[in-house]
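Taken together, the values in this text are just the output of simple stated rules run on the coordinates, not laboratory data. None of these values were measured; they are calculated from a predicted model. Quick reminder, even Gly has a Cβ in these numbers, built from the backbone with ideal geometry, and neighbours come from all protein chains shown.
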Amino acid sequence: MLVRVTDNTSMHNLDKGNLLREVTVKIGLERIDIQEEIMVEALLDSGATGLVMSSEFARKQGFKLKKLNRPMYVRNVDSSLNKEGPIEHTVEVNIYYQEYRERTEIDVIGGQKWTVILGMLWLAHHNPEIDWKTEEVKMTRCPEECGK
């Protein structure tokens, strides 16, 4: 990875991870079929398009998989096709975070490091207030339909 250092940022700060962090949130996922809530660490990722759940996690937790009419092919950052294959299933869940709650479908795909990724569509829709230094995430700008 190439990192361009400008202004007062030092390589010392980069080495300590003070600049390049992954911001995560603890969310509740409710299985719709049995109203069981599971707490997970979700990655906020503006480089991902939608919401993604690890297929390994979905199966282990017993989420009911809904087959898509057509598979959705996934491209990586370098434009190559994802080696795990296309997205063929979704799961319907309720997501809880702070005062926010929402029923939604999440795409399921294999080979993921993260249990759940909340991508750009989710970030743009909910427009969370993110403090990148403290990694604090507030849902202060959610639309009304979020059920705050």
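Laid out as a table, the results:
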{"read-out": "For segment 22-146: rounded, prolate or oblate by the Cα gyration tensor [a/c cutoff 1.5]", "value": "oblate"}
{"read-out": "Phi-based couplings in Hz for segment 125-140 (Karplus 6.51, -1.76, 1.60; Gly and Pro marked x)", "value": "5, 8, 6, x, 8, 10, 9, 5, 6, 9, 6, 7, 10, 10, 9, 8"}
{"read-out": "Estimated inter-spin distance, Asp33 and Glu135, nm [label 7 Å along Cα→Cβ]", "value": "3.4 nm"}
{"read-out": "Separation of alpha-carbon centers, segment 53-83 and segment 97-135, rounded to whole Å", "value": "16 Å"}
{"read-out": "3J(HN,Hα) from dihedral phi, segment 100-114, Karplus parametrisation 6.51/-1.76/1.60, rounded to Hz, x for glycine, proline", "value": "7, 8, 7, 9, 7, 9, 10, 5, 10, 8, x, x, 8, 6, 9"}
{"read-out": "Among 48-59, 134-145, the order from most to least packed when residues are scored by Cβ within 10 Å on average", "value": "48-59, 134-145"}
{"read-out": "Simple spin-label estimate for Thr104 and Glu144 in nanometres, 7 Å along Cα-Cβ", "value": "2.0 nm"}
